[in-house]
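Report on one structure; see the data block that follows.
The values are calculated or read from the model by the stated rules, or taken from the named source; none is laboratory data. The model shown is predicted, which means the values in this text are computed figures rather than measured ones. Here Cβ is always computed from backbone atoms with ideal geometry, including for glycine, and neighbour counts include all displayed protein chains. Just so you know, the surface numbers come from the protein's heavy atoms only, side chains and all, with ligands and any DNA or RNA stripped out. Shrake-Rupley method; radii C 1.70, N 1.55, O 1.52, S 1.80 Å.
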Amino acid sequence: MDLPYAEPYRIKMIEPIRRSSQAEREAWLARAKYNLFNLRSEEVYIDLLTDSGTGAMSSAQWAEIMLGDESYAGASSYYKLKETIADLTGLPFFLPAHQGRAAENVLFSALIGTGEEGRGKVVPGNSHFDTTKGHIESRHAHAVDCTIDEAFDTELDHPFKGNIDLGKLETVLKAHRREDIPLCLITVTCNSSGGQPVSLENIRATAALCRRYGIPVFLDAARFAENAWFIQQREASCAGMGIKDIVKAMFAEVDGCAMSSKKDGIVNIGGFTAYRGEELFRKAMGFNIMYEGYNTYGGMAGRDLGALSVGLREACEADYLAARIGQVAWLGQALVDAGVPVQRPFGGHAIFVDAKRFLPGVRKEEFVAQTLGVEVYREGGVRGVEIGAVLADRDPETRENRYPALELLRLAIPRRTYTNDHMAYVAATLIRVFERRKAITRGYRITWEAPILRHFTAEFAPLS
Ligand code: F0G
């Protein structure tokens, strides 16, 4: 018998977390207006709000922090990162940014334009992330979701639910003038459809199709290493390839990327854009200097550039990825074994609980996944995040609520942060809510919301 798999690291420093009572949580929920973003972190026992910027850095990354070069221009930390990015992705030009959405702002300013320049333009892709969509829509352009239909059936086991439907994509490419399609964006893994991977074959086919129409292709590379691991495990033609070779092959197809380094960079803050072509790089440079900072720091401290250069390499190590994605699957399996409806197959960074099937008694107008998120927190102090109608927001033109096909509660697992005992606690908490699910029939109404990206700050009142 094989020995069991275990993490390829041990714990050197701990951070205390505290359990709370149900009465405390009730009071905190009311004060937070039932929006889990409004809780203080001390009020959360296990925080699965996001895997973004919440990972634990390695001793090698902390060592780089001490070596950080804080020079305004030409810092050695910048060159370390430049070398890592060129080595991993093959993209020769890069610009640091303070996080992923800032990278999107720079990239889209260069490609879509600013002010009114975006009107009438479309950006096809696979379920764009919400800030990505926000940056496209704030430029009056449209993000067109071309994800395969299989992604929206949570029970269907499909190895690459992040894939782009080439038929849908070609329809978009045919329906618009070339100059109205500034780019096609492939998000790896696809966060909004459940942390689901995109196959190398699909990246290649998408890029080939876009090339035929003269449309540049970019990766939203926030979770590129996790995507590469899934390709290695699930794509027969890549079974013998190393993670770094797969990463290279993914990036070889595209014209550049935007990256939130808070995910597979395993740092607490940071991002970048990278480019194959010098012309676009030079155009983006102007926006980077304006919005982020000079080219060799772009909104990041030198020490953070250094830690990122190490983190990107660590994220591509096969043993780390097996433990990381294995832990997510461990939680998923514990839930499945208890009958809790979760998206299959399990995602790379998170388990997505199917809230519509979990709480069939709650009407969509009363925010099903939001309701489930509150109940899970109430039960055990575990914080997930709603990926449903609150996040989907209103249509920018009609201002009507958008009701997405899926109402999900995402349990995002920070990298290298929690143990499997924590995951067992999370599973037990969800199972307790599942056991009393029939009694949960009413949800929430919104009492206040912001005009864009409302989910962060919306306030709710319970319906009864
Ligand atoms: N793209 C993807 C696919 C993301 O998941 C995120 C962030 C971003 C871009 C924006 O990056 O936060 O650094 O500005 N996702 C986080 C999450 C917030 O919780 O999924 P950012």
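Among residues of the stretch 395-419 that are within 16 Å of the ligand (Cβ to nearest atom), those with a Cβ under 9 angstrom from a residue that is open to solvent by 60 Å² or more (accessible area, probe 1.4 Å) and not small (Gly, Ala, Ser), sequence gap 6+ or separate chain, pair up as PRO404/PHE152; LEU406/PHE152; LEU406/LYS356; LEU408/LYS356; THR417/GLU15. Every listed requirement among (1) surrounded by 22 or more Cβ atoms within 10 Å (Cβ to Cβ); (2) at pLDDT below 95; (3) of a type in the set (A, V, I, L, M, F, W, C) is met by ALA392 save one, (1). Against the list (1) within 16 Å of the ligand (Cβ to nearest atom); (2) open to solvent by less than 10 Å² (accessible area, probe 1.4 Å), the condition LEU372 fails is (1).
Name the single residue, out of those in the stretch 244-296 being within 15 Å of the ligand (Cβ to nearest atom) and of a type in the set (Ser, Thr, Tyr), that is most open to solvent (accessible area, probe 1.4 Å). Applying the filter and picking the extreme gives TYR291.
What tally of residues in the stretch 139-156 results from selecting those that are of a type outside the set (A, V, I, L, M), within 18 Å of PHE218 (Cβ to Cβ) and touching a residue at least 24 places away in the same chain (Cβ under 8 Å)? Even if it seems obvious, please write down each step before you answer.
Going through the stretch 139-156, the residues of a type outside the set (A, V, I, L, M) turn out to be 139-140, 142, 145-147, 149-150, 152-155.
Subset that is within 18 Å of PHE218 (Cβ to Cβ): 139, 142, 145-147.
This time we only want the ones that are touching a residue at least 24 places away in the same chain (Cβ under 8 Å), so: 139, 146-147.
Matching residues across the stretch 139-156 total 3.
When you look at GLY293, is it under 14 Å from ARG101 (Cα atoms) and not charged (D, E, K, R), yes or no? Explain how you work it out, then say what you get.
Working: under 14 Å from ARG101 (Cα atoms): no; not charged (D, E, K, R): yes.
The answer is no for GLY293.
Exactly one residue out of ARG416, ARG410, ARG402, ARG383 is among the basic types (Lys, Arg), surrounded by 24 or more Cβ atoms within 10 Å (Cβ to Cβ) and under 27 Å from ARG223 (Cα atoms): that is ARG410. The set of residues from the stretch 394-423 being under 19 Å from ASP354 (Cα atoms) and of a type outside the set (Phe, Trp, Tyr) comprises ARG402, PRO404, ALA405, LEU406, GLU407, LEU408, LEU409, ARG410, LEU411, ALA412, ILE413, MET423.
Return yes when PHE108 is in contact (Cβ under 8 Å) with a residue 12 or more places away in the chain and either closer than 19 Å to CYS210 by Cα or among the small types (Gly, Ala, Ser) (or both) and no when it is not. Break it down stepwise before answering.
Numbers: in contact (Cβ under 8 Å) with a residue 12 or more places away in the chain: yes; either closer than 19 Å to CYS210 by Cα or among the small types (Gly, Ala, Ser) (or both): yes.
Yes, satisfied.
Among the residues making up the stretch 422-464, those that are closer than 17 Å to GLN370 by Cβ and open to solvent by 50 Å² or more (accessible area, probe 1.4 Å) are ARG437, THR441, ARG442, ARG445, THR447, TRP448, LEU453, PHE456, THR457, GLU459, PRO462, SER464.
Does ILE289 meet the test of being without any contact (Cβ under 8 Å) to a residue 24 or more places away in the chain and either within 17 Å of ILE413 (Cβ to Cβ) or assigned to a helix (DSSP H, G or I) (or both)? Criteria met by ILE289.
Taking the conditions (1) within 14 Å of the ligand (Cβ to nearest atom); (2) in contact with a strand residue (DSSP E or B) (Cβ under 7 Å, 6 or more places away or on another chain); (3) assigned to a helix (DSSP H, G or I) in turn, GLY299 satisfies each one other than (3).
Can you go through LEU67, LEU39, LEU49, LEU91 and tell me which one is buried (at least 16 other Cβ atoms within 10 Å of the Cβ), modelled with pLDDT of 95 or more, of a type in the set (A, V, I, L, M, F, W, C) and in the same structural domain as ALA221 (by TED's automatic domain parsing)?
Numbers: LEU67 fails: buried (at least 16 other Cβ atoms within 10 Å of the Cβ); LEU39 fails: in the same structural domain as ALA221 (by TED's automatic domain parsing); LEU49 fails: in the same structural domain as ALA221 (by TED's automatic domain parsing).
None of the others qualify; the one that does is LEU91.
Checked across the stretch 13-25, the condition of being within 16 Å of the ligand (Cβ to nearest atom), under 30 Å from TYR297 (Cβ atoms) and either among the charged types (D, E, K, R) or out of contact with any helix residue (DSSP H, G or I) (no Cβ under 6 Å at 6 or more places or on another chain) (or both) holds for no residue. Residues in the stretch 230-243 that are more than 16 Å from the ligand (Cβ to nearest atom) and within 19 Å of the chain's Cα centre (by Cα): ILE231 alone.
For every residue, the table says whether it meets (1) open to solvent by 30 Å² or more (accessible area, probe 1.4 Å); (2) away from the ligand (no atom under 16 Å from the Cβ); (3) farther than 27 Å from LEU406 by Cβ; (4) under 23 Å from the mean Cα position of the chain (by Cα).
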residue	(1), (2), (3), (4)
ASP165	yes, yes, no, yes
GLU170	yes, yes, no, no
ARG178	yes, yes, yes, no
VAL188	no, no, no, yes
ASN191	no, no, no, yes
ARG204	yes, yes, yes, yes
LEU209	no, yes, no, no
ARG212	yes, yes, yes, no
